[in-house]
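Report on the following structure.
Throughout, read-outs are computed from the coordinates displayed, never taken from laboratory work. What you see is a predicted model, and the numbers here were worked out from it, not measured in a lab. All Cβ positions, even for glycine, are placed from backbone atoms using ideal geometry, and neighbour counts span all protein chains on display.
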């Protein structure tokens, strides 16, 4: 199903993060913009330490650390579609949780 409804973008623009890959669900309702299912963001260790210490909701969950970099997974806080709609059901069926991402995540160098 991910092949049919999910696309990803890769961002390697300098900023608070080193790079990111964002997976977005393309709704059947074309009046609604694509919605994030999962984001993987790479921070340098010092930046991640600062961000994770800030008050408020976390920026994400650390998946792994390697070579002075921290790989962080971010998820939507809720399903953005109307409950019971086809997009709501599909979005829920495609959603992954932290345990599943950790299970399949590897840092390759």
Given a Förster distance of 25 angstrom, what is the FRET efficiency for residue 45 paired with residue 100, based on the Cβ-Cβ distance and rounded to 0.05? 0.50
Gain in length, residue 62 to residue 16, computed as 0.36 nm per residue apart minus the alpha-carbon separation, to one decimal in nm? 15.0 nm
Orientation-averaged projected area, Cα convex hull of the chain (nm²): 7.9
Full-extension gain in nm, residue 8 to residue 75, via 0.36 nm per residue minus C-alpha separation: 22.7 nm
Taking a virtual spin label 7 Å from the Cα of residue 52 along the C-beta vector, which residues in the range 68-85 bring their backbone nitrogen under 17 Å of it? 68-75
